[in-house]
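Data first, discussion second: the structure below is written as structure tokens.
Read-outs: derived from the displayed coordinates by stated rules, not from any lab. Predicted model only: the values in this text are computed from it and were never measured. In this analysis, Cβ positions are derived from the backbone assuming ideal geometry, glycine residues included, and neighbour counts consider all displayed protein chains.
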Amino acid sequence: MIFAAPFRYPQTALVRRHGPQGYSKYSHHRPWLRDEFDFRCVYCLKREQWCFQLNDYQLDHLVPQSIAPALCREYTNLVYACSNCNHRKGAKRLPTPEDLAYGACMEVLMTGANIGEIVAHNDDGIRLIDELGLDQKKITGMRKLFILSIRSHQKHDRRLFLTWMGLPDDLPDLANVRPQPERNMRIEGIVESWFCRKPRPEFYE
Ligand SMILES: [Zn+2]
């Protein structure tokens, strides 16, 4: 059996599929960012499906508001992050997922005695892990627990496996979100949204 990999960082740099513009509040970008970042934290890969509340997820400013207030409502300056990572990052500037493939910088070990540990592949990885605390004992332990649990479900209980690794039930219908952005620079991205994709995969990595 080939086990699903719940903590595989992207091997390519992010190319955004959405481009909403003109919102009066940056929080209005939330449905777009949920879809853009596949309903998980861009930094630690924790999924909405693994959390109790949606407000566990925040909209992180890549260039902090304190440094560039003009970019506060700019879609390309926003990423989807869990509250823990967003808090850890604070007002720091880190390598962005558009600058480089996070998968080239760091990797979560999925096998062996050190399963769940995160290792850096370059200086950017060292910085990301250090600044975000991705190698903290508690986080490493939770990753190990998730990997082993999901693996067990995949083997023994497909329904539970799909609950952990599948898409959330409330996929945003971006063609009809309210309020609508004044402009959408990547209107073609809507057909690539998870809501519009047919067929949808049972689970995703
Ligand atoms: Zn996170």
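With Cβ to Cβ distances under 13 Å as the rule, what net charge do the other residues near residue 55 carry (K, R +1; D, E -1)? Its environment carries a net charge of 0.
As a length-normalised measure over Cα pairs under 8 Å and 6 or more apart, the relative contact order of the chain settles at 29 percent.
For segment 101-166, the fraction of C-alpha pairs farther apart than 15 angstrom is 57 percent. Determine which lysines satisfy two conditions relative to residue 144: a Cα distance under 27 Å, and not lying fewer than 8 residues away in the same chain. Straight-distance partners of residue 144: 46, 89, 155.
Here is the tail figure for segment 1-78: Cα pairs spaced more than 19 Å apart come to 43 percent of all pairs. All Cα-Cα distances of segment 24-67, cut into 5 Å bins from zero to the largest, leave 5, 19, 31, 25, 14, 6, 1 percent in each bin in turn.
For segment 60-136, the pair-distance distribution built from all alpha carbon pairs, in bins 10 Å wide starting at 0, is 18, 46, 27, 7, 1 percent.
One Cα centroid belongs to segment 121-136, the other to segment 91-118; the line between them spans 7 Å. Amide H contacts of residue 58: 81, 82, 83, each under 5 Å away and 5 or more positions distant or on a separate chain (H built 1.01 Å from N in the peptide plane; Pro and chain starts excluded). Other residues with beta-carbon under 13 Å from the beta-carbon of residue 41 carry, at +1 per Lys or Arg and -1 per Asp or Glu, a net charge of +2. How big, in percent, is the set of alpha carbon pairs in the chain lying more than 31 Å apart? Every Cα pair in the chain considered, those over 31 Å come to 18 percent.
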